[in-house]
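Contents: one structure, followed by commentary.
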Amino acid sequence: MSIYKAKKKSKIPSKEQVVSYLKALDHLPDKREICRHFHIKGGPGKIALKSLLKELKEEGLYSESPSLPSSEECVLNPAKPLTDSFKQEGEGKEGDICIGQISKTANGVRLMPTFKKNKQVFEIKGAGTLKAEMIGKVFRTKILQIHPPVVELIEEIGTTDKISLISAHMARLPMVFPDLVLKECQSFKVPSLENRQDVRSTPLVTIDGADSRNFDDAVWAEPDLDPKNPGGWHLIVAIADVAHYVVPDSPVDREALNRGTSTYFPDYVIPMLPEALSNELCSLKPEEDRACVGVHLWITADGEKIRHQFFRGLMRSAARLTYEQAQRIHEGQTTTVIDKKVINSLYNAYYALEKARRKRGTLEVDSIDPQVILSCNGAIQDFIIKTRLDSHRLIEEFMILANVAAAEFLELNKMPTLYRVHDKPDSEKIEELRRTLAVLKTNYTGPLKNPGDFTVLLEMVRDTPYKNIINELVLRCQSQAVYSSENIGHFGLNLTHYSHFTSPIRRYPDLLVHRGILSLLGYEKDGLSKSNAQDMAFLGRETSHKERRAEGAERDAMDRYMTQYLAPRVGEYFKVYVSGISKAGLFVTLPDIGASGLVPMNRLGDDYYMYLERPTRLEGRRSRKKFSFGDLLKVKLLDADLVKGRLTFELEPERKEINRFVKRKNKYPK
């Protein structure tokens, strides 16, 4: 049974009510935000709202928010991730900033935009004075005019192998901290023990990735000694006390909000906070005193939380462990300075939490998570698929429990805050998923209403050839998690209360949650400001947008790394599966590394292919051949465009499939 918080039912608003709501806002809301405001749920209600908004669009009273993809985009190009909708530079308007490469063409030297959708080729102001060594370099430019298209060079970025830098510029990420911010950081120092709980003797440990440079969370667990809780556990989750240093409306605070989040590229990080904080004073380094905000958590033997208690403290990490080290210690494969009992207690508490998670029924999507391996000089060596260990899940469960406690604590005390909310899936997308499942003959006839239902489906197809595509389709059914001042629960985790508390070094919403908790603990100086409390709805929208911007840049960079990695293999054939279908052609994915590209319509063979729905497919007008989600194909890599970071494929002649998941008739289920 789902414990996801149900929303209140309401009638469909009138046109006047919607217009009044839109006029009161300082931004363009998307359809999901409007549904949430008027408490609209279910297919009929959303369809009626969609029709109403269409009328308003025709009357010029409404336009879709540019920061979110439309539902049409998600259907026509299901391979496109939600995070790919971030505002990139170079969209082709006068006055815009355009990132592009200077290239020699038949018509002379031109600028080729790096933005995938920008098909323009720009003349360059003063092209006659360009030096030879500038050819092939990527520049930040300003669009002077569109007819004819002309740009003016502003700043050199580098060659096309400066992938992360190109993606950062395209996403308009702030990369340099203002001098005022850096100057403020020079005065910071670790606080004394005054008015803080001393947990320095508690063997808290950090468990992070091998390449992590900052450590913002530490964990500890021991058996609960209370005889009323047999087999239970007492946990501590301690988080860097960022609020002690970053006070409301200070230069550092304003810049942190401007960035919203840290952005992680394979070769470097654009941090939300200056390194003096993120990598030093707020990093829970071993054997060094660090300010923290922590929470004591008591759980039963079955992982159910009994109670919690927040505190402000001073800690000293007992060890900095990687996920692999923690796993080896627990399995007895290595010795370490940390007592093995400390690690085993963490794992035993995790096993209890895992019981509660399974009982609750959560969404468990097993998606491909590629990682690029770089040499010391930044060259691409390999792509691998990350492996999830129990140590990863341990930290995840501890953090989820702390996040739940924070949300409950703040809501119980009526403190304004930001919740991490995840709405229910779109009913139309679920129906499309069911049609695809029928085409693939998965024999799944169960419900798709609660998070656990999707997990049951994914478990059923785990050992089948179409595991990857069904995982992707389930993920595309889901709403996008956002930050909101209104608590509607978290569908994927099947929780009624959830916030982000555990990473204030890299996420601004976590810092706001810390401030709210500190206010309730009596630390008003570092607590939530009046302006923060009043602007919480705006801060939710703003930080959600900044998160999408960062994720979009990360995704763009990964696409570029994959394009560069596969560029030497142009002309080779690859086994792929169909991961998306649109009027442009087929989106296909290499299962080994997760790289995706397009097979354009004119590369599908000697036929005219029509885009059809219910179920989504391409069908040849003459041959009646069909392409559907999950089809396994063999394709040839035609082009690896290093400027735009995209791959183009061609179907093997005569569509010689390596395999069809199932033999099916020409007729599709209605």
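Near Lys530, which aspartates and glutamates are there with a Cα under 12 Å away, not counting those fewer than 8 places off in the same chain?
Filter leaves Asp249.
For the chain, with equal point scatterers placed on the C-alpha atoms only and solvent neglected, what are the log10 I(q)/I(0) values from the Debye formula at q = 0.06 1/Å, to two decimals?
Once normalised to I(0) and log-transformed, intensities are -0.37.
Using only DSSP helix segments of four residues or longer, with each worth -39500 (n - 2.57), what per-residue ellipticity at 222 nm results for the chain after dividing by its residue count and rounding to 500?
-9500 deg cm²/dmol
Using a cut-off of 13 Å between alpha-carbon atoms, which aspartates and glutamates can reach Lys429, once sequence neighbours fewer than 8 places away in the same chain are excluded?
Those aspartates and glutamates meeting the cut-off are Glu72, Glu73, Glu472, Glu613.
Determine which residues of region 230-260 fall in the zone a paramagnetic label at Tyr351 would reach in this model, i.e. backbone nitrogen under 15 Å from the point 7 Å along Cα→Cβ.
231-233, by backbone N distance to the label point.
Output the peptides 590-602, 508-520 sorted from most to least packed, where packing is the average of other Cβ atoms within 10 Å over each peptide's residues.
Final packing ranking: 508-520, 590-602.
In nm, to one decimal, how far is the Glu459 label point from the Glu572 one, both placed 7 Å along Cα→Cβ?
3.8 nm
Can you pull the semi-axes for region 97-170, root of five times each eigenvalue of the Cα gyration tensor, sorted largest first, whole Å?
Each semi-axis is the square root of five times an eigenvalue, giving 17, 14, 11 Å.
Using a 10 Å cut-off around each Cβ, can you sort Thr387, Thr464, Thr263 from fewest to most neighbouring Cβ atoms?
Thr387, Thr464, Thr263
Can you list which of the DSSP-assigned H helices in the chain have a Cα extent of 24 Å or more along the long axis and an average Kyte-Doolittle score of at least 0.5?
Span-like helices here: 390-412.
According to a simple spin-label model (label point 7 Å from Cα along Cα-to-Cβ), what is the distance in nm between Leu193 and Glu287?
My value for the distance between the label points is 2.0 nm.
How far apart, in nm, are two points set 7 Å out from the Cα along the Cα-to-Cβ line at Asn107 and at Arg172?
Once both label points are built, they end up 2.8 nm from each other.
Are any of the pairs Lys46/Lys449; Lys119/Lys626; Lys575/Lys636 more than 21 Å apart by Cα-Cα distance, and if so, which?
Distance filter (> 21 Å) returns Lys119/Lys626.
How many angstrom lie between the Cα centre of region 90-134 and the Cα centre of region 175-231?
48 Å
I want the local charge near Arg196. Using Cβ-Cβ distances under 13 Å, sum +1 for each Lys or Arg and -1 for each Asp or Glu among the other residues.
Computed value for this residue: -1.
Which of rounded, prolate, oblate describes region 386-513, given a ≥ b ≥ c as roots of the alpha-carbon gyration tensor eigenvalues and a/c under 1.5 marking rounded, otherwise prolate only if a/b is larger than b/c?
prolate
Placing unit charges on C-beta atoms (Lys and Arg positive, Asp and Glu negative, everything else neutral), compute the dipole magnitude of the chain about its Cα centre in debye, rounded to 20.
2760 debye
Every read-out reported here was derived from the displayed coordinates using simple, explicitly stated rules and does not represent laboratory data. All values derive from a computational prediction rather than experimental measurement. Using ideal geometry, Cβ is built from the backbone for each residue, glycine included, and neighbour counts are taken over all protein chains shown.
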